[in-house]
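The values are calculated or read from the model by the stated rules, or taken from the named source; none is laboratory data. The structure displayed is predicted, hence computed values, not measured ones. Virtual Cβ from ideal backbone geometry, glycine too; neighbours counted across all protein chains shown. Only protein heavy atoms, including side chains, enter the accessible area calculation; ligands, DNA and RNA are left aside. Shrake-Rupley method; radii C 1.70, N 1.55, O 1.52, S 1.80 Å.
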Amino acid sequence: MSVALRSQVPSGPLETKWARHRSEIRLVAPANKRKYHVIVVGSGLAGASAAASLADLGYDVSCFCFQDSPRRAHSIAAQGGINAAKNYQNDGDSVFRLFYDTIKGGDFRSREANVYRLAEVSASIIDQCVAQGVPFAREYGGLLANRSFGGVQVSRTFYARGQTGQQLLLGAYQALARQIGRGAVKMYARHEMLDLVVIEGRARGIIARDLVTGKINAHAADAVVLATGGYSNIFYLSTNAKGCNVTAIWRAHKRGAAFANPCFTQIHPTCIPPTGEHQSKLTLMSESLRNDGRIWVPGRAGDERRPEEIPEAERDYYLERLYPSFGNLAPRDIASRRAKEVCDQGRGVGPGGSGVYLDFRDAIGRLGRHVVGERYGNLFEMYERITGENPYTVPMRIYPAPHYTMGGLWVDYNLMSTVAGLYVIGEANFSDHGANRLGASALMQGLADGYFIVPYTLGEHLALVKPGGADTSHAAFRQSEREVTERITKLMAVNGRRSVDTFHRELGRVMWDKCGMSRNAQGLREALERVRCLREEFWNDVYVGGGNEDLNQALERAGRVADFFEFAEEMCHDALQREESCGCHFREEYQTAEGEAKRDDDRFAYVAAWEFSGVGNPPVLHREPLAFEAVHPSVRSYK
């Protein structure tokens, strides 16, 4: 198996690449589209929008999700908003500015053409969602409202209070439900993809387990689209839903799809701090809160006074002090590292000193409690329910936590992986965000990929292949089914003494300590050794109760954690070989005198795409050089 990286970026000026590519792309005739069967795995914003759009074009679509309804996809948890270059505020925004903010925010580690296309189609997303009835916030006169997010100096974020993801997902879901009602989409809820079937170098289907009956089923297709989200749950404690996992893209990786930049994992600066070992996940507090909330800590270490007892002169608004041009809206990677820094200095607040204050006193005094409540009321309510503290009267306590993954399966300009016929969209690919994602850009990418990109580019591949070239009777399907069944049987047969969660928690602690907010060579080598030992212990001592022929959530978790163990090694290899700091990848050996990330463009201006070489074996590195025509990589400054 050999991986070839061909980006397929069209020639010509950056501003015309996508329009020209669309006009020249191969087409499938309308009468022929219904002959092609497309599998979409995942029903979040990217998956639901792709399945609905492809079905609307006339393709025969099957959509799979492991939740009991597509509406329960993790996209529903997104809070703050979605970016688009509409310039409704007349504050100087443009497609180019959104493109530049995104590529600079990613520390110049993303493919220029893909990022420009994302900015270009962003405005169409808002039009699409408004037409669907998504209830975006509006100004008094009825125009759509905007607010700012981190790393930018314009207001381009559209929002629906603090539940933007939920409202956007309902819009995508209703489009999907319409196609299900028409019979154009067959929905497989409570089904988990456990393998990709590749025949003669092409993706021809998947193996899925019915999570209710335990039955293993093969599903053939002419193309497969993965929209399965990110892998932040490798850290055990994260803002992701407990079901989020790496399994689908990892199994595709083992079948030949290159994995790009796996160590690029985003730590979100505004999350509710953990309160003890009993926790199984963390809760996000939207970045939108940093529009009006001010972040501070006591000026001296060990100050245990209540926040209202600390006078203004003895408070350190450290983001405003260090980054006056952006203040509290500094990008996520920078804000997270600075929060860790002040806590490490002994100036953290709350239990264990693992927190900083997010204070709305000044905003309430300036705008009034009613206005602040209109903007953030549901977030304030959620915070109070979890902590028992009223953020209208007491500052919130926040601390960074794993949230998003910029790494994912490598894709070309058409969003096709290194396996022909396998497309990867949304957070599951590496495409747009480089080494750090700007706030409110995840929803933008998911809907851009699903509504406006893959419905075009999928035809480029299907136009070259005959429909129905393989069915589930093919030997490759039988072989994949056997391998999936044998793996499940092996997990059930261990019958050890430790639960899946104890292994997952220990793996998460290793990855957070050694490959989390900051990394160094010694720690990464230690992590590799410890992960290998833990993986061996897992397969010798894990206990999975119940059976494999009915609903068994312990078995589901065991399979996902087993994949996390294999994937963790690749994450550490990636972080170890990238001897620079960029975005969220902060190698302690490579930083400026001021503690900022220090890139090495001469050696590492490339996408690291890894080829699987067997469990326990070092993966093989392939490089896609990053060329910049419209922008010049510079020192990323937010001061």
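Summary of values
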item: Residue match in segment 237-250 (condition: of a type outside the set (V, I, T) and farther than 30 Å from G80 by Cα); result: no
item: Verdict on Y383 being touching a strand residue (DSSP E or B) at 6+ places or on another chain (Cβ under 7 Å), surrounded by 14 or more Cβ atoms within 10 Å (Cβ to Cβ) and assigned to a helix (DSSP H, G or I); result: yes
item: From the options E389, E341, residue that is in a helix (DSSP H, G or I) and surrounded by fewer than 19 Cβ atoms within 10 Å (Cβ to Cβ); result: E341
item: Residue list for segment 441-456, restricted to those being open to solvent by 20 Å² or more (accessible area, probe 1.4 Å) and more than 19 Å from G421 (Cα to Cα); result: A442
item: Some residue of segment 423-438 being in contact with a strand residue (DSSP E or B) (Cβ under 8 Å, 6 or more places away or on another chain), more than 22 Å from A85 (Cα to Cα) and open to solvent by 20 Å² or more (accessible area, probe 1.4 Å); result: no
item: Residue check for S122: within 30 Å of G373 (Cα to Cα) and surrounded by fewer than 24 Cβ atoms within 10 Å (Cβ to Cβ); result: no
item: Among (1) crowded, with 18+ Cβ neighbours inside 10 Å; (2) among the acidic types (D, E); (3) touching a Pro at 6+ places or on another chain (Cβ under 7 Å), the one test that E287 misses; result: (3)
item: Members of segment 527-559 that are surrounded by fewer than 14 Cβ atoms within 10 Å (Cβ to Cβ) and more than 30 Å from T213 (Cα to Cα); result: E529, C533
item: Flag for L409 being touching a helix residue (DSSP H, G or I) at 6+ places or on another chain (Cβ under 6 Å) and modelled with pLDDT of 95 or more; result: yes
item: Qualifying positions in segment 609-639 - of a type in the set (V, I, T) and in a loop (DSSP other than H, G, I, E, B); result: V615, V631, V635
item: Unique match (being more than 26 Å from the chain's Cα centre (by Cα), over 30 Å from R509 (Cβ atoms) and in a loop (DSSP other than H, G, I, E, B)) among R300, R321; result: R300
item: Matching option when the condition is touching a residue at least 12 places away in the same chain (Cβ under 8 Å) and either part of a loop (DSSP other than H, G, I, E, B) or in the same structural domain as F564 (by TED's automatic domain parsing) (or both), among L458, L491; result: L491
item: Residues of segment 344-380 satisfying the condition of being surrounded by 13 or more Cβ atoms within 10 Å (Cβ to Cβ) and not in a helix (DSSP H, G or I); result: G348, V349, G350, S354, G355, V356, Y357, L358, D359, F360
item: Pairs where the first residue, in segment 584-596, is closer than 19 Å to K514 by Cα and in contact (Cβ under 8 Å) with a residue 60 or more places away in the chain and the second is open to solvent by less than 70 Å² (accessible area, probe 1.4 Å) and among the hydroxyl-bearing types (S, T, Y), C-beta under 6 Å, 6+ apart; result: F586/S518; R587/S581; E588/S518
item: Residue satisfying all of: in segment 493-526; of a type in the set (A, V, I, L, M), open to solvent by less than 70 Å² (accessible area, probe 1.4 Å) and more than 23 Å from the chain's Cα centre (by Cα); nearest to R587 (Cα to Cα) among these; result: A521
item: Cβ-Cβ under 8 Å pairs, at least 6 apart or on other chains, segment 169-195 side closer than 17 Å to A46 by Cβ and of a type in the set (V, I, T), far side open to solvent by less than 20 Å² (accessible area, probe 1.4 Å) and part of a helix (DSSP H, G or I); result: V185/A51; V185/A52; V185/A55; V185/L176; V185/Q179
item: Qualifying residue in segment 260-268 (condition: under 30 Å from F360 (Cβ atoms) and either of a type in the set (S, T, N, Q) or open to solvent by 10 Å² or more (accessible area, probe 1.4 Å) (or both)); result: yes
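A quick yes/no check of all residues on (1) in the same structural domain as F66 (by TED's automatic domain parsing); (2) over 23 Å from N261 (Cα atoms); (3) more than 26 Å from the chain's Cα centre (by Cα); (4) in a loop (DSSP other than H, G, I, E, B):
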| site | (1), (2), (3), (4) |
| --- | --- |
| R535 | no, no, no, no |
| W539 | no, yes, yes, no |
| V544 | no, yes, yes, yes |
| G547 | no, yes, yes, yes |
| E556 | no, yes, no, no |
| D563 | no, no, no, no |
| A568 | no, no, no, no |
| D574 | no, no, no, no |
| E580 | no, no, no, yes |
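Conditions tested, residue by residue: (1) outside any loop (DSSP other than H, G, I, E, B); (2) buried (at least 20 other Cβ atoms within 10 Å of the Cβ); (3) assigned by TED's automatic domain parsing to the domain that holds G171; (4) under 20 Å from the mean Cα position of the chain (by Cα).
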site: K86; (1), (2), (3), (4): no, no, no, no
site: Q89; (1), (2), (3), (4): no, no, no, no
site: G92; (1), (2), (3), (4): no, no, no, no
site: F96; (1), (2), (3), (4): yes, no, no, no
site: S110; (1), (2), (3), (4): no, yes, yes, yes
site: N114; (1), (2), (3), (4): yes, yes, yes, yes
site: R117; (1), (2), (3), (4): yes, yes, yes, yes
site: V130; (1), (2), (3), (4): yes, no, yes, no
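Okay, residues lined up against (1) of a type in the set (F, W, Y); (2) in contact (Cβ under 8 Å) with a residue 60 or more places away in the chain; (3) out of contact with any Asp or Glu (no Cβ under 7 Å at 6 or more places or on another chain); (4) open to solvent by 20 Å² or more (accessible area, probe 1.4 Å):
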| site | (1), (2), (3), (4) |
| --- | --- |
| G133 | no, no, yes, yes |
| G141 | no, no, yes, yes |
| F149 | yes, yes, no, no |
| V154 | no, yes, no, no |
| Y159 | yes, yes, yes, yes |
| Q163 | no, yes, yes, yes |
| Q167 | no, no, yes, yes |
